[in-house]
Each structure stands twice: as C-alpha cells, then as structure tokens.
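Taking it in order: structure first as structure tokens, then the write-up.
Any read-out appearing in this document is the output of simple, stated calculations on the displayed coordinates, not a laboratory observation. What you see is a predicted model, and the numbers here were worked out from it, not measured in a lab. Neighbour counts run over all protein chains shown; Cβ positions are idealised from the backbone, glycine included.
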Amino acid sequence: MANHLNRRDLFRRMAATSAALAASGLPAWAAPKSANEKLNIGIIGTSGRALGNIDGVKGENIVAVCDIDDLLLGRASDQFSAAKTYVDFRKMLEEQRDLDAVVISTADHTHIPAAVMAMRLGKHVYCEKPLSHFVSEARLATKVAAETKVATQMGTQIHATDNYRRVVELVRSGAIGPISACHVWCGKTWSGGERPKETPPVPSTLHWDLWLGAAPARPYHPTYQPANWRRWWDFGSGTLGDMACHLMDLPFWALDLRHPTSVESEGPPVHPETTPHWMVVNYEFPARGDAPPIKLTWSDGEKRPSQLAESKLPAWDTGVLFVGEKGMLMADYDRRILFPEADFRDFKAPEPSIPASIGHHAEWIVACKTGSPTTCNFDYAGALTESVLLGNVAYRLGQKIEWDAAKLKATNCPNADTYLQREYRKGWAI
C-alpha cells in the first residue's frame, strides 16, 4: 500500500491548487466554461443521500443515471434528459466508455462492487459513507485507488465545514494539552427486527435481484428497501456504520489516527439478522510520534459517555469529547466548547491555519481535472472505515480483537475472518 499523505501537506497542496485557480481567473471551484471541459459523470443511486450528491456535481455533464427502481430512475431522467438510463451499474460502466467519473450513493453492500469496477476502468469515484460494507473491502478500495491513481472522495461532507477545521486547530495547538482519550457518541439508532416470513410481491418498478447485488439472495420485503436496509447485517452496518464515519472523522483528522491495535465492543445479545439498538466500542490506537496512545470510545443509541454527567457537560445528543491534560474540548458538527469554561475564559484560539474548503464535492471535481488531492480520499477514508467496521466485528464475535492492520488479521481470533469479508453471489464478484 502507498504511504498515506500527511494531512498538513495535503492541505498545503490544496491551498496551492486553490491559489493557482484563483490566479487563472477561474472561479474558486474551477468549473470550466466550455461544455467539453466538463466531466462526464455517471450517477449510481438517485434517491435519499444521492439527492445531495447529485446537487453537488450537477454543474458537470451528467451523461448516465442508474437506479434499481424505475420510478426513481424516471425522476432522475426528467432532471437530466440527455443522460442514458440504466438499472444495472455494471452495464452502465461497461457501455459508457465516455464516463470520466461516477458518484455512488447506494446501500452499503453495493458501494465496493461499484467503486472497484469503476476504478479499474479508470473512472474517478465519489462514494457515500461508509466506504465499504466489510473491512476487507475498504482495504481493497484503498489498494485499487492507489494502483489506478484516480481521484477519490468518501461522502463525509461535514469534513468540509469550518467548525471541524477550528476543532482540529485547537487540538493540534495543544489547547487542552496531550490527549489520551476521546469519546464519540450518537443518539441515533438503526436496529432490531426478525426476518419476515411473508413474501409480498415485488413492486412492479423495483428490480429486486439487482438491488440485492452481491448480497445473499432472499425474498423481497418492504422492511429491507428503502432505507431500513441499514439495520440488516446483509446490507448495512447499523448506527455505527451509518454515523461513525462522520463523527469519528474528527478525532481521526485532529489526532492523526490510522489503525487501532485492539477493539472491544459491548451491546445487547447479538442477533444473527439485525444490528443492535445500542453499542459501546472501545478502540485503542498506538502512539504517533510524541503523541500518547489514544483510547477512543464510541457510544450509540441510549448510551452516553459517563464524563458528560460526571463533569457536568452539556447533554448533547451527538458529539465528540477530547480529554487532555489541561482540559476538555467538546464539539459536534457546528459547535465547540472548552472545559472547564472558567479555565479558558481568557483563552485565545490560534489563528486559522487550515484553508477553507472549496466544497466537499467541488474538491473532488477539481481533483478529477487537475490531480490535486482530496481530504477524504480512499487512503484516508479506507483506514477510517476499517476502524469503524471493526467495532461491528468485535461485537458480533463477542470478544476483544487484537488487530494486526498490516496483515488485516485479528491475531487472537481466526474466526474474525467470517465478519471481515464475504462471499459474493455469482456474477457480482469483485
């Protein structure tokens, strides 16, 4: 695997790219004026989170749209009347030789089959979070991206906000001293349910077998699609998979985290079909240079870090808490507070040093055209996704994992392989 780009160097390069674009007289996002300079983009998935992603790239040439639901596909076709329509992304990628890039906003289990195929065909890829459904898939995506050298970006859109930048600067400035613990929590929950016994007819507009893709075959039921697939192990990754790439992104960025050395999870009894309504995951990350090892704890559903009550901190439903020798820093998407507040009454924040984002989607578009870096490329996003999904692996195994990231192995538990990777249905192998 290629060495990952130092995050500070990445931002220096992005700033240089932005400066060059400004000097050229082009707008900040560098959208070319003539149609033939625009990217030819294919859209895979057109509803839900896809709507925001489509909005982020609609200034380019949308030449193909793909969805497994004819009704949704028709709506997308109405918006992009010149685009060719598909129900099978494999056919789209095989036929549309003029594609420069694709945007993938499907259910988790389809992310990597689509992304890897696209990258191997030389297409730039924007893919929603979590990057993959299995740990091994994230590693494969990282490897293929490095080999093909295409521009990649995972859809952690909050990474582009000013608030995240200011939090990263506070952490790196030493405002709360060396940090050895971090708590991340989310009150959301995707959980529960038994496999339905009834088999209602497949809606006339839905291509059910194509929606299943690489996942094991099962009869259609509306409890799976749309949206609720997130709580089924075969298709989604529960609350952890849905939200941790957004929230754990902040400590990963601020603390330069990469791979944990161990992962241990707790929650209600494991269900073979569906994800739990709460989970607590303890990650241990090694020292990075002079920075001490980090214990990062994820809590979701009804669980909250005990520090919120013990330290009389605000009862936010979602947040990140950095615990340092000199104090604590609490943040969410658009807030940040230093504690104890009395100790930081006269504190002066460091001058901003991380350049403002040109926009999460715009960053990727510029990268497709110029080769400039993106901040959530598959090297960074792959490691983040691997760590996130290891929490589910430890939970389903019911034991602590000692993790060897180089070998992609749980050294103390050979059975972990069952949950690190999967077999693909015939016709869907990567």
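Brief remarks follow.
- The chain, relative contact order [Cα under 8 Å, separation at least 6], %: 21
- Set of aspartates and glutamates with alpha-carbon distance to Lys129 below 14 Å, sequence-local pairs under 8 removed: Asp108, Glu137, Asp242, Asp249, Asp379, Glu386
- Computed from the alpha carbon atoms alone, the convex hull of the range 183-331 holds 140 Å³ per residue.
- Our note on the geometry: Cα centres of the range 215-253 and the range 58-124, 21 Å apart.
- Residue pairs exceeding 29 angstrom between C-alpha atoms, taken from Lys84/Lys123; Lys123/Lys400; Lys84/Lys426; Lys38/Lys407; Lys84/Lys369: Lys123/Lys400; Lys38/Lys407.
- Cα-based radius of gyration of the range 37-176 once divided by 2.2 N^0.38 Å, which approximates compact folds: 1.13
- Anchor Lys303: aspartates and glutamates whose Cα lies under 15 Å away (excluding residues fewer than 8 positions away in-chain): Glu266, Asp317
- For the chain, the Cβ-based charge dipole about the Cα centre amounts to some 560 debye (Lys, Arg positive; Asp, Glu negative; other atoms uncharged).
- Beta bridges per DSSP with both ends in the chain, % antiparallel, nearest 5: 55
- Cβ crowding within 10 Å ranks Lys149, Lys407, Lys84, Lys303 as Lys407, Lys149, Lys84, Lys303, fewest other Cβ atoms first.
- Estimated FRET transfer efficiency when R0 is 30 angstrom, pair Glu37-Ala227 (beta carbons, to 0.05): 0.20
- Couplings for the range 246-260, taken from phi via the Karplus curve 6.51 cos²θ - 1.76 cosθ + 1.60 with θ = phi - 60°, read 6, 7, 6, 3, 5, x, 4, 5, 5, 9, 6, 7, 9, 10, x Hz in order; Gly and Pro are left as x.
- Extreme residue, positive dipole direction of the chain, given options Ser47, Thr199, Ala82 (C-beta unit charges): Ala82
- For the range 151-196, the set of chymotrypsin sites (Phe, Trp or Tyr not before Pro) satisfying both a DSSP loop assignment and a count of at most 15 other C-beta atoms within 10 Å is empty.
- Coupling constants for the range 72-82 follow from the phi torsions by the Karplus curve (6.51 cos²θ - 1.76 cosθ + 1.60, θ = phi - 60°), and in residue order they are 5, 5, x, 5, 5, 5, 5, 6, 10, 5, 7 Hz; glycine and proline get x.
- Packing rank of 381-388, 221-228, 37-44, 259-266, where each peptide gets the mean count of other beta carbons within 10 Å, highest leading: 381-388, 37-44, 259-266, 221-228
- Using distinct alpha-carbon pairs, which all enter the 1/r mean, Kirkwood radius of the range 334-430 in Å: 18.2
- Computed over the range 271-401, the range of Cα coordinates on each principal axis works out to 47, 46, 31 Å, biggest value leading.
- For the range 315-328, backbone phi angles converted through the Karplus equation (6.51, -1.76, 1.60; θ = phi - 60°) give residue-by-residue couplings of 8, 5, 6, 9, x, 10, 10, 8, 10, x, 5, 9, x, 10 Hz, Gly and Pro being listed as x.
- The residues Trp298, Trp316, Trp253, when put in order of fewest to most other Cβ atoms within 10 Å, stand as Trp316, Trp253, Trp298.
- A protection proxy built from the mean count of other Cβ atoms within 10 Å ranks the segments 229-242, 122-135, most packed first, as 122-135, 229-242.
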